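Heads up, the thing below is written out as C-alpha cells.
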Amino acid sequence: MSLVLTNGTVVDQSGPRQLDIEINDQGVVASLGTGLRGDVELDVAGLVVAPGFVDLHTHLREPGNEEAETIETATRGAALGGFTAVVAMPNTTPAVDSPAVVQQVRDLARGALCEVAVAAAITVDRAGQTLAPMAELVRHGVRLFTDDGRGVQDDKVMRTALEYSTGLNHLGANGGPIVAQHCDLESLSAGGVMHEGAWSSVLGMPGQSAEAEELMIMRDIALVRLTGARMHFQHVSAAGSVAMISAAKEAGLDITAEATPHHFTLTDAECASFDSVYRVHPPLRTDADVAAVKQGLADGTIDAIATDHAPHTNHEKDRAFGDAPPGMLGLETAFALAVTELGLPIDKILALLSWQPAAIAGLADRHGGPIAAGRPANLVVVDPGESWTISRQAMASRSTNTPYDGRSVTGRVRHTILNGEIVVRDTLAQR
Amino acid sequence: MADLDRGDIEQILNLTESFAEVGERSIPKVPALRGKTIAWLFYEDSTRTRLSFETAAKRLSADTMNFSVSSSSVKKGESLRDTVETIAAMGIDGIVVRHSAAGAPHRVANWVDASVINAGDGWHQHPTQSLLDLYTAREHFDDLDGKHIAIVGDIRHSRVARSNVVGFATMGAKVTLVAPPTLLPASLEGWPVEVCHNFDEIIEDLDMCYLLRMQLERQRDSLVPTLREFHNEFGLTVARADRLGPGALIMHPGPMNRGVEIAGEVAERPNAVITQQVSNGVAVRMAVLFLLLGSGLDIVDDQRAVA
C-alpha cells in the first residue's frame, strides 16, 4: 500500500515547495510531484510537511522509574509532539554506561512510536570518576555521551573524556562520538534549588548562580581548544553561556548547543508560587537570560531546541519546592512553544527542531530530511497558524508535571509519520 | 508579611493587647476556640515557637494534636501532601507548619481546607515572630515612623530577617542591614533597606538593634573566617552596647549564642527586651489563631494563611 500526502507545502533544508509526497510500502519516500495518487491519501492542504523532529534530550525513565514514564508512553508523547526520534538520556536505573544497558533500552523501544537513540554516560554510573567504555559503546552505535543530571566535575576526567573521544571517529557508523555536558559547577551550586538572584533572595530559597553554569562552559571550551574534540552543550540557560558559546564558535571550535522550551518561555519569577512544577535543573532564570537564549536560537549560536522532557510522579512533586526533584514535561509542547514564543519564521523553527538536531544526534541518514525520493519517510505535518489550548489531560505522558496546562498557544502538530506509518493522525496517537 | 498592610498589622497588635491581658489573669484562659482542633506539623526542630503556639492554643481552649515528623520522614518517602491530607482527614481546623523548605506552608494551604499558619519556612518567612517583635517595639515606642532599626548578622539564611524587613518597613521604620557580604542575600533588589558593613559607624544612630542568631553551621561553610572575627566585627559587644543611645532597644529572636552575635552581659541589660519578646509571642499567636480560626474578622485578604 502506498501513502500519498497531497496538496501540502513541503519545507526542509532546501526550502519550501508545493509538492505531493508518495511513500511506498517500505516506508520510504518514492517520489515527489504534483497530482500524485496512492492507495491511501492524506489531504494536507494548507499544512506544512517537514522532516520529523529530533529531540536531543529526553528522559524516558525506563528502566528504573516506570511509574513516572515508560518508553511506550514517552514515545507516544514524542510522536504527538511531532518527534520521529528522541535521544534517551542515560540517567536511568541502572545508568546507561555499558553496551548491555544500551541494548536493554533498544529492546524496550522496539515497536515504539518514534525511534529511540541511546546516549551513554561519560563515566561509570555517572559518578564522574572513571570513563565508561566509550569505544565499545561507540561500536554499539552510541553517538552522544553525557552524565546528564550532573556535569563532569573533575577537570582531568573531562579532559580525558574529550581527548579520548577524538580517537573514536573511525568506529561510529554515524560520524563518531560527541561528548555532551550538563554544565553545572557543583562546588558553587550545591544545595541550590532555583536561580540565584532577586527572586531567590526574596523567597529565601538557596540559589544556583548563572556563574555555576558559565564557569563549566568556560572550562569545557578551554578543554575543547586543548583537545580538538567535538562537544555539545546541553540545555544552555544563562546569557553568559550563550555569549561564550557564540565566541567559541566564532573562534572555530567544533561545538554545538541546545536550549529547552522552558528556558525561552519561563523565568524565575514563576518560583514565587512555590509550585514545584517550576523546579528544573538548570533553573529558570531571568528575563535577560530568556532574551539571550531566544537571541541565541535566532542567530545560530544555539543549534537545537531540546526538550529535557523529565517526567516525575505526582507524589515525587507533591513536596515543598526545594524537596521535589527537578524537571518538567516537554515533548508534547515544544513545537507550539517555539512557534508562540520565538517569533521566528517556520523554516527556522523546523531547522532547530529537526535537521540541526538530527545532525548532532548522528541520525541524519534517516531523520531531519531532506525530503527526497529514497529516504525513509519520517515526517511531521504541522499547522503553524492553529491556535489551541494545552491540556495536561490530553497528554500521553504518565506524569502530569507540565506548567503549561491551560496555556493558549499557536502552532500545532497534526500528523506524524514514522517510517511511512501514520502514528499520529489529526492530533491523535494511532496506537 | 507582605500581604499585611499597616492597618492590618495594627489591628493584629490591638487584638494582641487584649490577649496579653488574658495572660495576666489568675486563670489565663478564654473559651474563644473551644471545640477547635489545631495540629502541629513541625518538620524542623523548634522549642520556643512550638511551646509558644501550644500555650496560645491552650489559653484559647483549643484542642491540639501533635503530628511529630522528623526531618528524615521526607527522605523516607511520604510526600508532604500525603502527610497533610492524613492530618486533614482527622478533622482539624488549623495546621501550624514549621518546615525547613521555603514555601512548604503555601503548598500545604493549597491542599487542605484547614487554616494554615506559617511557623517558619526555611529561610523564607516567620510572620508570627515579626508580629511579636512589632508588638514588643510598640510597648516601647509610640510608633516606628522614622525609627532607625539595624538587623544584624546572618541575614542570608534568616526567615526572621525576611519577615522583619517587611514588617519594620511597613510600620515606617528605616531599616539597615548590618552584615558581611557573605551573610547578605545574593540580591537586595527591591528591598526597603540600606546596607552597612561597618557596625560602629551607625551604632549611635540606632533606635533598635535587632540581632540574629548566627547559625553555627554557617561557619563550617566558611562564610565568615572565624566566629571570633564575626563577634568582633558584627557582634553587639559591650563597647558597642555602651554607645547605643538612651532608650535604644536590643532584640533577639532566640536562641542566643552568647559571645557570638551578642556579648553575654549585654543580653542582661535593661534595654535588652529578649524575654519580653518571648512573653509577647504567646499573646500574638493567640491573636493570630483567633483571627484565623475564631470569629474571622475581615482583616486579611486570604483568611487561610498569614504568610
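Quick note: the coordinates plus some simple rules give every number you see, no bench work behind them. From a predicted model like this one, the values you see are computed outputs, not experimental measurements. Ideal geometry is used to build each Cβ from the backbone, glycine not excepted, and the neighbour counts take in all protein chains shown.
Couple of notes before you dig in:
- Shape call, segment B:140-272: gyration tensor on alpha carbons, a/c limit 1.5: oblate
- GNM top mover of A:N314, A:N91, A:N401 - chain A, alpha-carbon springs below 10 Å: A:N314
- Among A:140-152, A:384-396, A:184-196, A:251-263, the order from most to least packed when residues are scored by Cβ within 10 Å on average: A:140-152, A:251-263, A:184-196, A:384-396
- Ratio Rg/Rh [Cα only; Rh per Kirkwood] for segment A:52-360: 0.93
- Gyration tensor verdict on segment A:104-206 (Cα atoms; rounded if a/c is under 1.5, prolate if a/b is larger than b/c, oblate otherwise): oblate
- Peptide A:312-322 is shielded by partner chain Cβ atoms: per residue, an average of 6 of them sit within 10 Å of its Cβ.
- Between the Cα long axis of helix B:274-293 and the first principal axis of chain B there is an angle of about 30°, rounded to the nearest 10.
- Scoring A:113-125, A:333-345, A:57-69 by mean Cβ neighbours within 10 Å over their residues and listing the highest first yields A:113-125, A:57-69, A:333-345.
- Taken about its Cα centre, chain A carries a charge dipole of about 520 debye when Lys and Arg each add +1 at the Cβ and Asp and Glu each add -1 at the Cβ.
- Cross-link pairs A:K294/A:K348; B:K36/B:K58; A:K317/B:K36 - those with Cα-Cα distance over 21 Å: A:K317/B:K36
- Ordered by the number of other Cβ atoms lying within 10 Å of each residue's own Cβ, fewest first, A:Y278, A:Y164 fall into the sequence A:Y164, A:Y278.
- Reach of A:K156 by Cα under 30 Å, taken over lysines that are not fewer than 8 positions away in the same chain: A:K249
- The charge dipole of segment B:140-272, taken about the Cα centre with unit charges on the Cβ atoms of Lys, Arg (+1) and Asp, Glu (-1), comes to about 480 debye, rounded to the nearest 20.
- Packing order of peptides A:42-54, A:23-35, B:51-63, highest average first: A:42-54, B:51-63, A:23-35 (average count of other Cβ atoms within 10 Å over each peptide's residues).
- For chain B, the fraction of alpha-carbon pairs in successive 10 Å shells from zero, as %: 6, 28, 34, 23, 9, 0
- For B:183-191, mean number of other protein chain Cβ atoms within 10 Å: 5
- Of all lysines in the structure, those lying under 30 Å Cα to Cα from B:K147, and not within fewer than 8 positions of it along the same chain, are B:K174.
- Highest mobility in the GNM of chain B, judged by mean-square fluctuation with C-alpha springs under 10 Å and restricted to B:A150, B:A89, B:A179, is found for B:A89.
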